[in-house]
Amino acid sequence: MLLLGIETSCDETSAAIVSGPSDDGVQLLSNVVASQDDLHAHFGGIVPEVASRRHIEMILPVIREAMQRASVTWEDLQGIAVTNGPGLVGSLVVGVAAAKAIAQARRLPLVGIHHLEAHIYAAAIHGPLPFPLLALIASGGHSHLVLMHGHGKYDVLGRTLDDAPGEAFDKGARLLGLPYPGGPHLAALADSFPGRVEPMPRAHISNSRDFSFSGVKAALARAVRTTQPQERDRARLAAAYQESIALSLTERTLQVADEIGDSPIFVAGGVARNQRLRDLLAQRAAAAGLRVHFPDPALCTDNAAMVAAAGVHKLARAGPDPPDLDCFANIQLRSWDATTAS
């Protein structure tokens, strides 16, 4: 089927057109993302009310552009998928309201998509998902390890106990005086350090599959407060901070992969763009005889292509949601396959 995907869970307004599902995965026909980075830079972070107002301004132009790039009309579409949680509720409302209005006007089936499952389905674009798989979802708001047994069959094995890794990157960047958005600036500063990198102290949680990043954030805060770092010292601290986060994600993911057996590892979410994490996890997974896959960097951050990819599978297998589809700021990832308990 040809399906329109809509994503407005945070500060990106995005629409995409996909075709599928098939044995070759989901084919991406267009993916348009309107970022709000410049808008929120003035505030040093995302302002929810500002984000939702910009979504209202951009949602229809973005949808039209996605359809034009894919060379499709309303008559060609066979369904709509939209992120309905978790996220900023004011932002989610805009996307869900637009999707419901279009679905009603065009008499199209509508399906709501959980933001975390959408990140996993970024790996389904241009290729099938090999089940079972272990997904590491690392983003600004989430840090989850999810065992995916099949389409719509999820088992959450671990999650963050405090900050998400992307949130830790942004808070670390603020401590180092870097501009918004902080994560990419911190990574660039860290990668510029030419010397030997010594990771910062970080949390070690025994007998657990969860993550914690508050300890390394506190260690960076202490180092900045006590040393008042100059430029080279800032690069060293950024490299040590990045290394600690990458090590935490890598070691916990490989620990869980070893515990559950031989399943391929899929890394998703905005932090999956981080080159140090990609290199470290790829090297250590190869040494352990494990397969690891990363989506195209453009599909790691929030986008509608991943929402549409999840949508074609969910719509084909579970059918549409009712017209009163709601949105939720906080909602757990649960299985929607009728044969599997959540």
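Read-outs throughout are calculated quantities, based only on the coordinates presented, and are distinct from any laboratory measurement. Every value quoted in this text rests on a predicted model; they were computed, and no experiment measured them. Ideal geometry is used to build each Cβ from the backbone, glycine not excepted, and the neighbour counts take in all protein chains shown.
Yes/no matrix, rows are residues, columns are (1) in contact with an Asp or Glu (Cβ under 9 Å, 6 or more places away or on another chain); (2) outside any helix (DSSP H, G or I):
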{"site": "R278", "(1), (2)": "no, no"}
{"site": "R284", "(1), (2)": "yes, no"}
{"site": "L290", "(1), (2)": "yes, yes"}
{"site": "P295", "(1), (2)": "no, yes"}
{"site": "A298", "(1), (2)": "no, no"}
{"site": "M306", "(1), (2)": "yes, no"}
{"site": "A310", "(1), (2)": "yes, no"}
{"site": "A316", "(1), (2)": "no, no"}
{"site": "W336", "(1), (2)": "yes, yes"}
Taking segment 239-287 on its own, how many of its residues are touching a helix residue (DSSP H, G or I) at 6+ places or on another chain (Cβ under 6 Å) and not hydrophobic (A, V, I, L, M, F, W, C)?
-> 10
So L280, is it without any contact (Cβ under 8 Å) to a residue 60 or more places away in the chain, out of contact with any His (no Cβ under 7 Å at 6 or more places or on another chain) and either surrounded by 20 or more Cβ atoms within 10 Å (Cβ to Cβ) or of a type in the set (A, V, I, L, M) (or both) = yes
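Results for (1) over 27 Å from H142 (Cα atoms); (2) assigned to a helix (DSSP H, G or I); (3) in contact with a Cys (Cβ under 8 Å, 6 or more places away or on another chain), shown as yes or no for each residue.
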position: G5; (1), (2), (3): no, no, no
position: C10; (1), (2), (3): no, no, no
position: S14; (1), (2), (3): no, no, no
position: Q27; (1), (2), (3): no, no, no
position: V32; (1), (2), (3): no, no, no
position: H40; (1), (2), (3): no, yes, no
position: S52; (1), (2), (3): no, yes, no
position: P61; (1), (2), (3): yes, yes, no
position: E65; (1), (2), (3): yes, yes, no
When restricted to I260, I245, the only residue touching a residue at least 12 places away in the same chain (Cβ under 8 Å) and either farther than 18 Å from G166 by Cβ or of a type in the set (D, E, K, R) (or both) is I260
